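These notes concern the structure reproduced below.
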Amino acid sequence: MIPSGNRLLFPLIMAATFLAAPAAAFTLDSDEPIKVSANSARLDDSAGTAIYTGAVELVQGNVKLDAERVVLYRSPQGLSRIEASGSPAVYSQPSQDQTAVINAEALNITWSAKDSQLTFEREALIEQGGSTFRGDIIHYDTVNRVVTAEGGSSEGTNSGRVEMVIQPRSSGQ
């Protein structure tokens, strides 16, 4: 049986609450610089790339990305793309109201300035306050705050479906 439109919309709306933040993801509009540390780096000015490997950490304000390998792409306008990989790569940012932290992980994480999009690929998981959102690919449009997710193939422990666990609000608080 195919779920009704309302049943499909609810998980996506709830997932958007995980990712909603005033300055979601890395942003070029921030007054905060993006700081990078790693075990090694290769800068290719003619190609406009910087490749960092080994315990890579990117930080911009309260937004953090940890990975085994990160590639930064630069255009004439500035930083245009970040590609991170790890087993898994881990991303975190404060929630919109700054009361909790949104933690996400995937084998590949990509941020695109042009599309204002954050993409988690392969074994993607987003967690906030005990609630989780899982899929093979999760796209987040940081401007419009729209989340789309794909389940992928059903191999190994992966069901091939998008999954979500929503914790109940505690009563009396």
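Among (1) modelled with pLDDT under 75; (2) surrounded by fewer than 17 Cβ atoms within 10 Å (Cβ to Cβ), there is one condition Pro168 misses while meeting the rest; what is its number? Pro168 satisfies every listed condition except (1).
With respect to the stated conditions, Ile109 is β-branched (Val, Ile, Thr) and in contact with a Gly (Cβ under 9 Å, 6 or more places away or on another chain).
Considering Ser80, Ser92, Ser131, the condition of being touching a residue at least 40 places away in the same chain (Cβ under 8 Å), of a type outside the set (A, V, I, L, M) and either closer than 25 Å to Gln167 by Cα or touching a strand residue (DSSP E or B) at 6+ places or on another chain (Cβ under 7 Å) (or both) is satisfied by Ser131 alone.
The values are calculated or read from the model by the stated rules, or taken from the named source; none is laboratory data. For clarity, every value in this text was computed on a predicted model and none was experimentally measured. Methodologically, a virtual Cβ is constructed for each residue, glycine included, from the backbone with ideal geometry; neighbour enumeration extends over all protein chains shown.
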